[in-house]
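Notes for the one structure printed next.
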Amino acid sequence: MTSSSNPSADPSPIVACTISRDVQNFDLLIEDMETVLGESWGDLGFAEALAFFNQPEAQTLEFVALAIDDADEDDLVMLGEIIALAKAKKIKVILIAEDVSPAALHQLLRQGADEFVPYPLPEGELAAAIDRLKKREHQAAQQPAFVSTETPADGVLLAVQAIAGGTGASTLAVNLAWELATVDKKDPPRVCVLDFGLQTGSVATYLDLPRRDPVYEMWSDTDVLDEEVFRQALTSFEDKLWVLTAPQDILPLDMITPEDVQRVLDQARARFDYVIVDMPSTLVQWTETVLNNAQVYFTTLELDMRSAQNAIRLKRALRAEDLPLEKVRFCLNRAPKFTDLNGKSRVKRLAESLEIAIELQLPDGGRQVTQSGDHGVPLASSAAKNPLRKEIAKLAFSLHELGKSDAEAA
Ligand SMILES: Nc1ncnc2c1ncn2[C@@H]1O[C@H](COP(=O)(O)OP(=O)(O)O)[C@@H](O)[C@H]1O
Ligand SMILES: [Mg+2]
């Protein structure tokens, strides 16, 4: 074991420390630290740790493994101080605990310990916890790119709602967002996706992103919503697209008010050129808010009775409330092929009977579409030649061209 007393003479800087009453009580931890870090770690007692954090040598520390057992429960206050000081010095804390009561654990985690691993250490668990820390650090490091957005963006708001669940709204939202984010390699627009399908939201799944706690925190108190809170709630996808996933814990749709939604939309539009909102398929009290803010409100439907009947209901509801029906663009998903004359006449009849214009037709992309969602990547990455992808790319291109010519005209 390396001593922390003279790290400057040591060729490898100390990147981690164990902190415990007596590290010999945690021999499995010693083994694991050696496996993961070789020589570049040290060992401190509780009181020593508090003193050490304030010394310049502590600057190379990336994390500490705070190892405690039931005998340490009387020292919770001091343990809390160690965690707080580590946090203040931007040192991560992995809590290693043997036979510690849930209440004590809870308290220490609330005080800011980043990870918890039980002792005796399960095989590979220390390494896994360190990996999780690094991954989060990496994600956090990507965030500044977002903050450095110079001018207010006043983004274009495009919403997508399924007229009936499963008609492809989230697929359209995610892929349209990606196509917009990559539409112009030289001058890529800033794009974000907001998953407002709070309970059923699938954007996180389709892009394989974690659902993070700050999302729930943001929604539960939008009074304090500012740039920083909003930024914390977003996750980046491949550095090109920013995503507000649905929260991890189920949030009742009516817990959110039109005012909450307006605040989130304002934050997003101030920072992004395009804001894509994936709406729940039911009408909610804040549907109106999104509709009023949106430039275009895409509504996906299919060629069946369920979609037809819901389309009638939607039209009636919007009319009754005097809402801007003209913003709604009906998109027929899994549309019949060009050569399917019978199918084409069914589309025509549907549009006529509903008195709607079907302005966009999206082809069936087959199993590749579902597979792409399961793999958590946009179609462009997994099946660039897929007919659905091509159609969505065309849509993104024309929306972007439209936006550019509007901007030039202004
Ligand atoms: N045009 C399409 N071709 C093939 N599969 C599709 C198409 N549109 C959607 N899907 C698949 O249908 C399922 C439901 O799509 P999703 O976008 O989640 O619907 P919604 O958000 O409207 O409930 C997903 O498995 C998706 O991959
Ligand atoms: Mg959906």
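Structure summary
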{"read-out": "Beta bridges per DSSP with both ends in the range 150-409, % antiparallel, nearest 5", "value": "10"}
{"read-out": "Per residue solvent-accessible surface (Å²) - the range 7-142, probe of 1.4 Å", "value": "49"}
{"read-out": "Computed [θ] at 222 nm, helices only, for the chain once each DSSP H run of length n ≥ 4 contributes -39500 (n - 2.57)", "value": "-13000 deg cm²/dmol"}
{"read-out": "Distant-in-sequence amide H partners of VAL93 (H built 1.01 Å from N, under 5 Å)", "value": "VAL64, ASP114, GLU115"}
{"read-out": "Residue-wise HN-Hα coupling along the range 158-164, computed from phi with Karplus coefficients 6.51, -1.76, 1.60 (Hz; x: Gly, Pro)", "value": "10, 9, 10, 10, 7, 6, 8"}
{"read-out": "Spin-label pair LEU76/ARG367, simplified geometry with 7 Å Cα→Cβ offset, distance in nm", "value": "5.5"}
{"read-out": "Counting all C-alpha pairs of the range 7-142, share separated by more than 21 Å (%)", "value": "36"}
{"read-out": "Debye equation applied to the C-alpha atoms of the range 328-410, log10 I(q)/I(0) at 0.22 Å⁻¹", "value": "-1.05"}
{"read-out": "Listed residues ILE94, ILE358 arranged by accessible area, highest first, probe 1.4 Å", "value": "ILE358, ILE94"}
{"read-out": "Exposure of GLU73 as accessible area (Å², to 10), given a probe of 1.4 Å and all protein chains", "value": "60"}
{"read-out": "Computed Rg/Rh of the chain, alpha carbon atoms with Kirkwood Rh", "value": "1.09"}
{"read-out": "Whole-Å distance, taken between Cα centres, linking the range 71-131 and the range 252-286", "value": "37"}
{"read-out": "The range 150-409, accessible area per residue, ligands and nucleic acids excluded (1.4 Å, Å²)", "value": "47"}
{"read-out": "Cα-based Lys proximity count in the range 150-409, under 16 Å, for pairs eight or more positions apart or on separate chains", "value": "10"}
{"read-out": "Unit charges on C-beta of K, R, D, E only; dipole of the chain, Debye", "value": "3140"}
{"read-out": "Helix 27-37 vs. the chain, principal-axis angle (Cα, 0 to 90°, nearest 10)", "value": "60"}
{"read-out": "With every protein chain in place, the range 7-142: carbon and sulfur % of accessible area (1.4 Å)", "value": "52"}
{"read-out": "Residue (of PHE53, ASN293, VAL203) at the positive-pole extreme of the chain, dipole from beta-carbon charges", "value": "ASN293"}
{"read-out": "Restricting the range 227-297 to GluC sites (Glu not before Pro) in coil, as DSSP defines it, with at most 14 other Cβ within 10 Å", "value": "GLU238"}
{"read-out": "Degrees between helix 341-354 axis and first principal axis of the chain (Cα, 0 to 90, nearest 10)", "value": "90"}
{"read-out": "Backbone HN-Hα couplings from phi across the range 223-240 [Karplus 6.51/-1.76/1.60, Hz, Gly and Pro as x]", "value": "4, 9, 5, 9, 3, 5, 4, 5, 4, 4, 7, 8, 10, 9, 10, 6, 6, 10"}
{"read-out": "0 to 90° range, to nearest 10: angle between helix 387-409 axis and the chain longest Cα axis", "value": "90"}
{"read-out": "With DNA, RNA and ligands ignored, accessible area of MET78 (1.4 Å probe; Å², nearest 10)", "value": "50"}
{"read-out": "Percent accessible area from carbon and sulfur atoms, the range 201-291, protein chains only, probe 1.4 Å", "value": "45"}
{"read-out": "Label point distance in nm, GLU259-ASN54, each placed 7 Å from Cα along Cα→Cβ", "value": "4.5"}
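The values are calculated or read from the model by the stated rules, or taken from the named source; none is laboratory data. Everything quoted here is computed from the prediction, not taken from an experiment. Here the Cβ is made from the backbone with ideal geometry for all residues, glycine too, and neighbour counts use every protein chain on show. Please note that ligands, DNA and RNA were not included when accessible areas were found on the heavy atoms of the full protein model with its side chains. Shrake-Rupley method; radii C 1.70, N 1.55, O 1.52, S 1.80 Å.
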